Every structure is written in structure tokens, then in C-alpha cells.
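A.B. asks: Sending over a structure as C-alpha cells; questions will come in a sec.
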Amino acid sequence: MRFYFLILIMIPTFARPVVAQHERELAEQKLRDLYGESTDIRTKTVALSDSLRASILHLAGTAYIATKVNIQCMSIDNRRMYAVLDNVFGKEQPITYMVVFDDSERIRAVEILAYREAYGGEVGYKSFRKQFEGKSYNDNLRVGSEIRNITGATISTNAVTTGVRKVSALFHVVRDQLR
């Protein structure tokens, strides 16, 4: 019995880097789909100090736990664009999503890269994701105010909305480090 228990504990530990690499590849391919195959994408890693994470918590009302974040930086039509890849927890599984920002901190796109739940996949529909476009960290990104709920997908709607609010706050506090 102990042997099987040990294997179950170790599988997620070994699988995590593979999933992370796969998610980054999904994000880069989605960016190329959105902005063209020749899009030059550079990844910048930004360290998140305790004070930066406290700022994110203050602005978003939710914590960003990681101590570093990878941000994809692009130049499209002589404009700087940035993409942040993140995961939020749905009912039982993570939802992998990406938020694309312009240099004025406005959201240009929200993309659901991997949806793993049995229900609630409507958060991937363009009509839901389009609600975020043009918004920034200082808008009221909450279900029931700026963002409409999806009947039957309440948990996913709240999870993605909270995630976008968190990533918007994160982008606001680290933007100056990306220049």
C-alpha cells in the first residue's frame, strides 16, 4: 500500500513542469493566431516581492501567490502588447487562461487556453470573454456589476473574473519593469 501511495504523491510533482511548458506553448500559439505567425514574442520574468504581492492583494481583493511571473512582450503595429498566463481553480479543476494588455493597461483579449471541468465551458465563448475588452485594473471587474453571470457556469464565471481582476492588478504593479 505504501508504494502506491508514494507513486500517487510523486506523479503530480513530476507532471507539473510538463504542464507548465505545454501551457506556455499554448499561450504562444494563441498569440500567433491572434496577431500573426511572425509575431516576435519575448518572455520577461518579473520577481514579485512581498510588497508587490501586497499591492496586488489591495487592488484586486485576491492574492497572487507566486514569487515570479512570466510575461510575454510583443510589438504589434508599433504598439507594445503584453500577455500574462495564469490558472484559476474552477469547481474541481484548474482553468488556464491568458490576458492580453496594451501599453495603457487596457485588456485587449481574454483567452481560455484549457478548460478541464465537465460544466461551465461557456466562459470560453467570445460573448463572455469580450466583456473584459477595454477594461483595466481600476474597473469594477466583478460578476454582477461589469461582468454578466452565465447561468449554469457560476463557479467558472466567478473564477475567471476573479483571475482577470488579479492579473490586471498584477500587470499594473509590474508594468514599469517591462520597459
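A.B. asks: So which residues in the stretch 60-74 are surrounded by 13 or more Cβ atoms within 10 Å (Cβ to Cβ) and within 20 Å of ARG179 (Cβ to Cβ), if there are any at all?
C.D. replies: Matches in the stretch 60-74: VAL69, ASN70, ILE71, GLN72, CYS73, MET74.
A.B. asks: Filter the stretch 34-48 down to the residues that are open to solvent by 70 Å² or more (accessible area, probe 1.4 Å) and assigned to a loop (DSSP other than H, G, I, E, B) and list them by number.
C.D. replies: GLU37, SER38, ASP40
A.B. asks: Against the condition in contact with an Asp or Glu (Cβ under 7 Å, 6 or more places away or on another chain), closer than 29 Å to ARG42 by Cβ, aliphatic (A, V, I, L, M) and open to solvent by less than 70 Å² (accessible area, probe 1.4 Å), how does LEU113 come out, does it pass? Please lay out each step first, then the result.
C.D. replies: Values: in contact with an Asp or Glu (Cβ under 7 Å, 6 or more places away or on another chain): yes; closer than 29 Å to ARG42 by Cβ: yes; aliphatic (A, V, I, L, M): yes; open to solvent by less than 70 Å² (accessible area, probe 1.4 Å): yes.
Judged against the criteria, LEU113 is a match.
A.B. asks: Within the stretch 12-32, is even one residue modelled with pLDDT under 85, under 25 Å from MET74 (Cα atoms), among the small types (Gly, Ala, Ser) and not in a helix (DSSP H, G or I)?
C.D. replies: No; the residues of the stretch 12-32 include none that is modelled with pLDDT under 85, under 25 Å from MET74 (Cα atoms), among the small types (Gly, Ala, Ser) and not in a helix (DSSP H, G or I).
A.B. asks: While we're here: Report yes if some residue within the stretch 78-90 is in a strand (DSSP E or B), among the aromatic types (Phe, Trp, Tyr) and closer than 16 Å to VAL174 by Cα; otherwise report no. Quick ask: steps written out before the conclusion?
C.D. replies: Step one: filter the stretch 78-90 for residues in a strand (DSSP E or B), giving 79-89.
With among the aromatic types (Phe, Trp, Tyr) added as a condition, the list becomes 82, 89.
Checking which are closer than 16 Å to VAL174 by Cα leaves us with 82.
The answer is yes; a qualifying residue exists.
A.B. asks: For MET81, only one of the following conditions fails: (1) touching a residue at least 12 places away in the same chain (Cβ under 8 Å); (2) exposed (fewer than 11 other Cβ atoms within 10 Å of the Cβ). What is its number?
C.D. replies: The one condition MET81 does not meet is (2).
The values are calculated or read from the model by the stated rules, or taken from the named source; none is laboratory data. Since we're looking at a predicted model, the values are computed, not measured. Cβ coordinates were reconstructed from backbone atoms using ideal geometry, including for glycine residues, and neighbour counts include every protein chain displayed. Accessible surface is based on the protein model in full, side chains and every heavy atom, while ligands, DNA and RNA are left aside. Shrake-Rupley method; radii C 1.70, N 1.55, O 1.52, S 1.80 Å.
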